[in-house]
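J.: First, the structure itself, so that you have it in front of you.
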Amino acid sequence: SVQNFYNTEADFQNAIYGAYRALRNVGTYNDYVQLIGDLASDNTEMGSTASDRSVLNEMSLFRIQSHSTVVRDVWNHHYQAIWYTNVLLDRVDGANISVQTKTRVGAEAKFLRGLFYFNLVRIFGDVPLVTKDLTSVEEAYSKGRSPVAEVYAHIIQDLREAAQSLPLTVPNEQGRATSGAAWALLGKVYLTQGNIADAKTALKTVIDSRVYELLPDYNDLWEVTNKHHNEAIFEVQYQASVSGGTGSSYTERYTPYMYTGLPYSSTAGGYNIPTEDLVNAYEPGDLRKDASLHTSWVNTSGEVVTGLPGRFTNKFRHMPIRGGGSSDNWPILRYADVLLLYAEALNAEAFVANGEAFNYLNMIRNRAGLPSKMADHSDPSLRLDSQNDFALAIEQERRVELAFEGHRWYDLVRTGRAIEVLSPKMPNGVQQHQLVFPLPLTQIDLNPTKLKQNPGY
Amino acid sequence: SYSQTITLEAKEQTLKQVFNTIQKQTGHHVIYNTRFFDDQTKVSVSAKQMPLDTFLDNVLSPLALTYDIRENTILIGRATSPAQPATRGVQPVKALQRSVNGIVNDADANPLEGVTVRLKGSNTVTITGSDGRYSINIPGSEGTLVFSIIGYNTIEHGVGNVSTLNVMMEQSVGGLDEVVVVGYGTQTKENITSSVSTISGAELGKTNSSTFTEGMIGKMPGVQVSQITGVPGSAPSIRVRGTGSITAGNEPLYVIDGFPIDAASLSSFNMSDIESISVLKDASSTSIYGSRGANGVIIVTTKKGVSGQTRIAYNPSYGLQQVSVKLDLMSPEEYVEFALDARNNAWEYLGGNRNDPNSARPALYQISPYLFTPEQWIRTDWQDAIFQTAPAQEHQLSVQGGSEKNLFSISAGYFGQEGVIKSSKFERYSVRANLMNAVSDRVKIETNVNTSFVNNKLVEDQGQFNQGIIGTMINSVGFLGLQNEDGSYPSFQGFGYGVSETRSPMAFINEYDRKNNTFRSVINSSVNYEIIPNLYLKALLGFDYNKTEQNFFMNSFDSFVADNPGHSRFTNPATGSFDYNTSFNWLSENTLNYTFELGSNHKFDVLAGFTAQNAKYNYAYISATNFPNNLVPTLNAGQVSSANTTRAEWSLLSYLGRVNYSYSNRYFATSTIRTDGSSRFGSGNRWGVFPSVSAGWMISNERFFNVRPISSLKLRASYGLSGNNNISNYGFAGLLNYTNYIIGNKQVSGIAPSTMSNSLLGWEKSRQFDVAIEAGLFNNRINLIADVYNKVNTDLLLQVAVPSIVGLTSTLQNIGKVRNRGVELGLNTRNLVGALKWSTDVNISFNRNKVLELGPSGDPIFSTAYSNAGDTHYTEIGKPLGNFYGYVFDGVFQSQEQINSMPHLPTDRPGDPIVKDVNGDGVISADDRTILGNYQPDFTYGMTNSFDYRNFDFSFMVQGVQGSEIMLLNMYQTMSMTGRTNNLGIARNRWRSPEEPGDGKVYKASIDVYGLRRTSSSFYIQDGSYLRIRNISLGYTLPQRVSEHLRISRLRLYATAQNPFTFTNKYLGYNPEVSTSHNSLTPGVDYFNYPLSKSWTFGLNIHF
């Protein structure tokens, strides 16, 4: 039981692995965090509204309601994960174990807690801030929502401590957090807050660590035989296994609805289908397009399926084994993301024609087989001569570079462009209040005095 | 051993004291009724080794009393004329004029020995012999014979001119001298001061029921027995006096021949072995079971051996069952119209035109050409396809007999039943032996052995579309065939992009194989040692071993539509699993029982003891996938995908005591106490004490009481405490979960907390007060029992939803308080007692359930029976448990003007449901959810009428529930109006256009779900009231001369109809009795259950 566990080095080792495992729940990174990132944007749409897909359809069309199972699971699974880290952190300081283990395990727990709170605050806005194991239910009832700023302050504190204590690399233990992961996440947090100076420092720390580099071939990012490549900073680990329960089931959802390319019958697909709009967003010659998506497939009767039923993502494509899942890791942080964030930060500070920010943007473009954009380019489509143009170029580049990796919605909200970009593309538009999701109704029902719904829901 | 003579020097002793002396010296029980004479009358007597009859003559004749001696019983009554001397029974006192003789049998045609046959109004008396025969001499041609024996209804029969008069005597129900089985002992009905309902084996036999549920349903006030599913062999749900607990379970404790077992094992029980069933209802009777008594206790006693001639009986029966109702579903044509409507409406909603061709529509809104080609359709009535007329047969063989020193009762039975859903099946083989061996006058050894083997073939019944056969069948459109020629199944998948995957209902029948085998053996043995007269030590040791094995294999099979090329073929891979469960439960019980008297009027019966019980469980589960083919279903042929084993254990140590006291058969009192220590509770709260007291007053035994029509009248009251410990074995501990993660490409084990710890977790307590009146009128022709009770359960063990910021969505706590109070009435009348006999049993129960406290803050509890539908239930202080909760659908919007004129959702268009603005704030929001009804009925009732005429017996039983609501959650799928699947027939009444508004209740079809159509609402609420004819039985017993000719002692033929008719208020599902969820927070949900069947059975009772 909880009372007599948490004694030895091995106990704490197991406990931190248990906390990493929480990354793999439906409400975390098995489904919803990334589905929100793409479905609640112009990147993807629902390929079918059959059965439980209807709640995601609701979300993708900005009709989400507070009884949605999406918000319920995101909330519950994140707080469950935070509980795991809190239980560990409450006990690690007093534990009779080596200082190294104490420091590292503690730092990992803080990194994870920071990540989970970052998701919560981006999705819901103000959220209750729970930083220790609540041993009584009464305590839970007494907690209301903490302001976004307070939550961010705690996230930053956690991530700073993690960044300073975590190892630079984790040879043979890939999947555990590194200082690079903490700095990268911290940079994104600062940037989201509009703290450009600190964002720059944090992201630059990652770049200067020289641990990471862009892979020459974009295709290599998605090969399961090529895991733990130099561009990966932090990933949710999956491994196909018939019995271990460690495989990813999310990949199955990324197939088209009723896809017969699988080695067995499945209608599990159709959750996250590239939109026409995204297909058209790739510049001609972009090598990333074919690496990222398909627009047709051939069914068992030899017919070519096109259109909505024909489109699907190619990034997480390894065939799941029924009941076990595939080996596709889920990338939470990747070096290309860091470079683009850094370029965004530099540009936000000041537009410098053909300055450092251009270098990072063009590193990404060149790898995709696209020409550099310059402040003074003769081709107007490649010319960036203002801060705003550069910001839009970053937005475009992030869209196609990081497509289906669960970034688009969060990016558009961060840059304040969500309504402007998405509203014209949605049948009912997007309203201001929809920039945060509704709190789950079940939780408000439980504690209506302390937990108030976001306005508009 | 006893003598047949009396030695007594008594001066001014009461008659009662004299009778006690007789009893002690001769072993004869003296039986009399104080209404006929005063047993406090003082007599003086001097006798030395005086023969018993002489002694009785001497004592009784001066008092004008008569006596009968039969076997070891002396019956004492008042002589009609004081002048008449007391007479020994067999001697005629009047002149011999003519003789009448005959045989007295019981209802099973067994001869009754020791029946007193008296010529009415005289002292002419005789007693039947061991063959049931009697002969009596009577004067003249007139006269009436009175046949009486303890435990049977007295019969009066005019003699007329006949010289042979055979009679059948029925066991008396409600007779005051009837022995009632209670916890750890027996009491007579007269003495009992607590609320106990009983059914005898004879009564159960009348309905010819083969299951426990059918036998008990509707028979006892305050005991609600529900047949919640039609799965062959399934256990009933039984609620004694309402629902007290919220999560710790509300099923009563079962005690079979002294062994407490769990309800699931009832299916292993052979009904015809039952001698009696007692249901302990109030705290006075249940608190002797301490921490397990709060939900009532059901004590089942099996048939014991009887001395005398060996009795052999054989009871075969054969029956047929059919599904009790057929649902109204849409025809293929209606479906097509509906599906087009759903796609067009949704496309129109997005700005399209309903006449757009497929090429102009996104795939979701396209329409399959198959819908327009009826010539390709294969028409199927899916209900006919999956249901069958299913046979059932039963064979019971029993032997009873023995001598005084060795009694035995042995039975063997087979019961085989096919389910009304094809491929489901239940078979039971059982053997029972009850042996009694009197080692000496003071030591008796009893042994009960019950062994059964149950073979169950299960079909995946529950669950929605694709999960279970019922949900899939209802949703399947009738234009697909049963199976394609190549063995694959037509699948609905082929009909367009927005259509749900479906597995053919037939696949569940043909390709799934789930077999469950249970072996169970309950054995207990006890030694009863009489240490000194009337002081008995009983030591019982028993064990219960149960082994359950479940083998599952699903063949690999293909789904596709043969006539719809262009659509894909899917292969469902083979999977298999194996479950293995064993449990071993031992019980040791040691009790001392002493009966004694203080003075002449104070009788005591004292019980003290301690018991220990321990149960261990082992569970193993293995599943496998990737089978290369369907040929080898054993798991080694596939790839093991999951395997785990679990162990658990609980133990209980208890001390118990009881004192029964009676004063001169007029005042009675009982007090009990039990102390339980259980491993299931937190270290801070491991021991519980459960006391009770009760008292009764037999008013009709008072000398002053002389109200002619009232033959007996008793008042009683009880108060006590019992507990409920039905929680998981380790609920108090903060548990950890074991899980896998990948680090460095290697699997590592992770540990995470999974429950919150609670060292104070303890019993749920039930305090109950009960007052009752019991009356017998007109010589007990009418018997009435009325109970009023108030039961308050506190410290409820509650799996409480908590703010999930603690890391969990719920935790187990002791909070809350629920009250049940109610009235129970039971009435038994013998309307006709002549050649045509007619008796009626009626019972009705009213229970009101109310939550008094909840949690520390008193916040209401939201709960859900199906999380995708949101919160479906709501429990708050001041209301009953588990109210249905959701939005009120108040019709359908007919026009845009109407929408604009009232609060609405932004997505609303004409044809959408009107959601009631319950709080009147002008907007539709979550605050408009409200209570929509409750599953708990206003009242429940049952009535049995039994008729006997010559050799015919007939009975019928009616049972019902009034004022109950049900959430038909099937409708979440079957009335979702998306047109992806077939729907219930009421979808015809949908809104189509302002010109065709339907019935104003069913909203329009749309393949996209928006608004609140699929959240919990009044749309799913149905009236659950019903009246059901449970049982109609007709029997015919062959005349004795015919059966004698056949060399058998008795032969009865019978025919029975079970559940032939059910009347409901347009209930849309299969069975309004249903409750998918047994949780008291989410009761009354019908979610694709196995439907109930009606059956017709023909059988024989043969006694050799």
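J.: Working carefully through the options A:Glu223, A:Glu213, A:Glu276, find the one that is in contact (Cβ under 8 Å) with a residue 60 or more places away in the chain and open to solvent by 10 Å² or more (accessible area, probe 1.4 Å).
T.: Numbers: A:Glu223 fails: in contact (Cβ under 8 Å) with a residue 60 or more places away in the chain; A:Glu276 fails: in contact (Cβ under 8 Å) with a residue 60 or more places away in the chain.
Answer to the selection: A:Glu213.
J.: Now, a different point. B:Glu427: acidic (Asp, Glu) and modelled with pLDDT under 90, yes or no? Before the answer, list the steps.
T.: Values: acidic (Asp, Glu): yes; modelled with pLDDT under 90: no.
Answer is no for this residue.
J.: Just for the range B:1004-1023: of the residues that are charged (D, E, K, R) and farther than 14 Å from B:Arg909 by Cβ, which one is farthest from the other protein chains (Cβ to nearest Cβ)?
T.: Checking each candidate, the answer is B:Asp1023.
J.: Moving to a separate point now. Only one of these is closer than 30 Å to A:Thr300 by Cβ, of a type in the set (S, T, N, Q), surrounded by fewer than 22 Cβ atoms within 10 Å (Cβ to Cβ) and modelled with pLDDT of 90 or more: B:Asn484, B:Asn516, B:Asn510. Name it. Write out each step before concluding.
T.: Working: B:Asn484 fails: modelled with pLDDT of 90 or more; B:Asn516 fails: closer than 30 Å to A:Thr300 by Cβ.
Being closer than 30 Å to A:Thr300 by Cβ, of a type in the set (S, T, N, Q), surrounded by fewer than 22 Cβ atoms within 10 Å (Cβ to Cβ) and modelled with pLDDT of 90 or more holds for just one of B:Asn484, B:Asn516, B:Asn510, which is B:Asn510.
J.: Can you tell me which residue is nearest to B:Ile673 (Cα to Cα) among those in the range B:608-629 that are modelled with pLDDT under 85 and surrounded by 15 or more Cβ atoms within 10 Å (Cβ to Cβ)? It would help to see each step written out before you state the result.
T.: Filtering the range B:608-629 down to residues modelled with pLDDT under 85 leaves B:625-629.
Pick out the ones that are also surrounded by 15 or more Cβ atoms within 10 Å (Cβ to Cβ) and you get B:625-627.
Numbers: B:Thr625: 55, B:Asn626: 59, B:Phe627: 59 Å.
For the range B:608-629, the residue satisfying everything is B:Thr625.
J.: Under 7 Å between Cβ atoms, at least 6 apart or on separate chains: pull out the pairs that start in the range B:703-717 with a residue that is polar (S, T, N, Q) and end on any residue that is assigned to a strand (DSSP E or B).
T.: Close Cβ pairs (under 7 Å, with a partner that is assigned to a strand (DSSP E or B)) amount to B:Ser711/B:Gly776; B:Ser711/B:Leu777; B:Ser712/B:Ala775; B:Ser712/B:Gly776.
J.: Next question, about the same structure. Do any residues in the range B:731-759 that are at pLDDT 85 or above have Cβ atoms under 9 Å from those of residues that are open to solvent by less than 10 Å² (accessible area, probe 1.4 Å) and of a type in the set (Val, Ile, Thr), where the two are at least six apart or on different chains, and which pairs are they?
T.: Pairs found: B:Asn740/A:Thr246; B:Tyr741/A:Thr246; B:Ile742/A:Thr246; B:Gln747/A:Thr246; B:Val748/B:Ile742; B:Gly750/A:Ile16; B:Ala752/A:Val87; B:Pro753/A:Val87.
J.: While we're here: Collect the residues in the range A:67-120 that are β-branched (Val, Ile, Thr) and under 20 Å from the mean Cα position of the chain (by Cα), keeping them in residue-number order.
T.: Looking only at the range A:67-120, we keep the residues that are β-branched (Val, Ile, Thr), and these are A:69-71, A:74, A:82, A:85, A:87, A:92, A:97, A:99, A:101, A:103, A:105.
Scanning the range A:67-120 gives A:Thr69, A:Val70, A:Val71, A:Val74, A:Ile82, A:Thr85.
J.: Take residues that are within 10 Å of chain B (Cβ to nearest Cβ) and farther than 30 Å from B:Ser759 by Cβ and tell me which of the helices (runs of 4 or more DSSP H) falling wholly in the range A:1-118 contain 2 or more. Explain how you work it out, then say what you get.
T.: Values: elements: A:9-21, A:32-39, A:53-60, A:69-92.
Correct list: A:53-60, A:69-92.
J.: Among the residues of the range B:642-663, write down those that are among the hydroxyl-bearing types (Ser, Thr, Tyr) and without any contact (Cβ under 8 Å) to a residue 24 or more places away in the chain. Show your work before the answer.
T.: Narrowing the range B:642-663 to residues among the hydroxyl-bearing types (Ser, Thr, Tyr): B:642, B:645-646, B:651, B:654-655, B:661-663.
The answer is B:Ser642, and nothing else.
J.: From the list B:Leu482, B:Leu435, which residue is in a strand (DSSP E or B) and of a type outside the set (Val, Ile, Thr)? Even if it seems obvious, please write down each step before you answer.
T.: On the way: B:Leu482 fails: in a strand (DSSP E or B).
That would be B:Leu435, the only listed residue that is in a strand (DSSP E or B) and of a type outside the set (Val, Ile, Thr).
J.: Scan the range B:1024-1042 and report the pairs whose first residue is in contact (Cβ under 8 Å) with a residue 12 or more places away in the chain and whose second residue is in a helix (DSSP H, G or I) and surrounded by fewer than 16 Cβ atoms within 10 Å (Cβ to Cβ), with Cβ atoms within less than 8 Å and a gap of 6+ or a chain change.
T.: none
J.: If B:Arg292 satisfies every condition in (1) under 30 Å from B:Thr1037 (Cβ atoms); (2) crowded, with 21+ Cβ neighbours inside 10 Å but one, which is the exception?
T.: Just one mismatch for B:Arg292, condition (1).
J.: Next question, about the same structure. Can you work out which of the residues in the range A:122-145 that are within 29 Å of A:Ser179 (Cβ to Cβ) and open to solvent by 10 Å² or more (accessible area, probe 1.4 Å) is farthest from the other protein chains (Cβ to nearest Cβ)?
T.: A:Arg122
J.: Another question, if that's okay. Just to verify a result, which residue in the range B:762-786, among those that are surrounded by 23 or more Cβ atoms within 10 Å (Cβ to Cβ) and within 24 Å of B:Ala733 (Cβ to Cβ), is modelled with the highest pLDDT?
T.: B:Glu764
Rundown of residues vs (1) at pLDDT below 95; (2) over 29 Å from A:Ala40 (Cα atoms); (3) of a type outside the set (D, E, K, R), yes/no style:
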| site | (1), (2), (3) |
| --- | --- |
| A:Thr135 | yes, yes, yes |
| A:Pro171 | yes, yes, yes |
| A:Ala177 | no, no, yes |
| A:Lys188 | no, no, no |
| A:Asp208 | no, yes, no |
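J.: Pick from the range B:732-759 the residues that are part of a loop (DSSP other than H, G, I, E, B) and touching a Phe, Trp or Tyr at 6+ places or on another chain (Cβ under 8 Å): which of them is nearest to the other protein chains (Cβ to nearest Cβ)?
T.: Let us first name the residues in the range B:732-759 that are part of a loop (DSSP other than H, G, I, E, B), namely B:732-735, B:744-745, B:754-759.
From what's left, touching a Phe, Trp or Tyr at 6+ places or on another chain (Cβ under 8 Å): B:732, B:757-759.
Working: B:Phe732: 9, B:Ser757: 6, B:Asn758: 10, B:Ser759: 9 Å.
Per the criteria, the residue is B:Ser757.
J.: For B:Gly677, only one of the following conditions fails: (1) in a loop (DSSP other than H, G, I, E, B); (2) in contact with a Leu (Cβ under 6 Å, 6 or more places away or on another chain); (3) surrounded by fewer than 18 Cβ atoms within 10 Å (Cβ to Cβ). What is its number?
T.: (1)
J.: When you scan the range B:854-894, how many residues do you find that are farther than 18 Å from B:Leu797 by Cα, within 11 Å of another protein chain (Cβ to nearest Cβ) and over 29 Å from the mean Cα position of the chain (by Cα)?
T.: 7
J.: When the residues of the range A:301-317 are filtered to those that are part of a loop (DSSP other than H, G, I, E, B), touching a strand residue (DSSP E or B) at 6+ places or on another chain (Cβ under 9 Å) and within 14 Å of chain B (Cβ to nearest Cβ), which remaining residue is modelled with the lowest pLDDT? Write out each step before concluding.
T.: Step one: list which residues in the range A:301-317 are part of a loop (DSSP other than H, G, I, E, B), which gives A:301-303, A:306-307, A:311, A:314-317.
From what is left, the residues that are touching a strand residue (DSSP E or B) at 6+ places or on another chain (Cβ under 9 Å) are A:306, A:311, A:314-317.
Narrowing further to those that are within 14 Å of chain B (Cβ to nearest Cβ): A:306, A:311.
Values: A:Thr306: 85, A:Arg311: 91.
The residue in question is A:Thr306.
J.: Okay, next question. Here is a list: B:Ser1043, B:Ser1095. Which entry is under 28 Å from B:Tyr935 (Cβ atoms), outside any loop (DSSP other than H, G, I, E, B) and of a type in the set (Ser, Thr, Tyr)?
T.: Details: B:Ser1043 fails: under 28 Å from B:Tyr935 (Cβ atoms).
B:Ser1095 is the lone residue from the list that is under 28 Å from B:Tyr935 (Cβ atoms), outside any loop (DSSP other than H, G, I, E, B) and of a type in the set (Ser, Thr, Tyr).
J.: Here is a further query. How about the range A:357-457: which helices (runs of 4 or more DSSP H) wholly inside it have at least 1 residues that are closer than 20 Å to A:Asn280 by Cα, within 14 Å of another protein chain (Cβ to nearest Cβ) and at pLDDT 95 or above? Explain how you work it out, then say what you get.
T.: Numbers: elements: A:387-401, A:408-414, A:418-422, A:441-446.
Output list is empty.
J.: Being away from chain A (no Cβ under 14 Å), open to solvent by 20 Å² or more (accessible area, probe 1.4 Å) and either in contact with a Leu (Cβ under 9 Å, 6 or more places away or on another chain) or under 23 Å from B:Phe269 (Cβ atoms) (or both) is the requirement here; does B:Ile474 meet it? Please lay out each step first, then the result.
T.: Details: away from chain A (no Cβ under 14 Å): yes; open to solvent by 20 Å² or more (accessible area, probe 1.4 Å): no; either in contact with a Leu (Cβ under 9 Å, 6 or more places away or on another chain) or under 23 Å from B:Phe269 (Cβ atoms) (or both): yes.
Taking the combined requirement at face value, the residue does not satisfy it.
J.: Please enumerate the residues belonging to the range B:931-946 that are over 30 Å from B:Val833 (Cα atoms) and touching a Gly at 6+ places or on another chain (Cβ under 8 Å). Can you show your working first?
T.: Pass one, the range B:931-946, residues over 30 Å from B:Val833 (Cα atoms): B:931-939.
Matches in the range B:931-946: B:Leu932, B:Asn934, B:Tyr935, B:Gln936, B:Pro937, B:Asp938, B:Phe939.
J.: I would also like to ask the following. Can you find even one residue in the range A:320-337 that is away from every other protein chain (no Cβ under 14 Å), touching a strand residue (DSSP E or B) at 6+ places or on another chain (Cβ under 8 Å), open to solvent by 20 Å² or more (accessible area, probe 1.4 Å) and not hydrophobic (A, V, I, L, M, F, W, C)?
T.: Scanning the range A:320-337, I find no residue that is away from every other protein chain (no Cβ under 14 Å), touching a strand residue (DSSP E or B) at 6+ places or on another chain (Cβ under 8 Å), open to solvent by 20 Å² or more (accessible area, probe 1.4 Å) and not hydrophobic (A, V, I, L, M, F, W, C), so the answer is no.
J.: Let me ask something else. Taking the range A:220-260 as the search range and keeping residues that are more than 10 Å from every other protein chain (Cβ to nearest Cβ) and β-branched (Val, Ile, Thr), which one is farthest from A:Arg21 (Cα to Cα)?
T.: Looking at the filtered set, the residue picked out is A:Thr255.
The values are calculated or read from the model by the stated rules, or taken from the named source; none is laboratory data. For clarity, every value in this text was computed on a predicted model and none was experimentally measured. Every residue, glycine as well, gets a Cβ built from its backbone with ideal geometry; the counts of neighbours run over all protein chains shown. Surface accessibility is based on the protein's heavy atoms, side chains included, excluding ligands, DNA and RNA. Shrake-Rupley method; radii C 1.70, N 1.55, O 1.52, S 1.80 Å.
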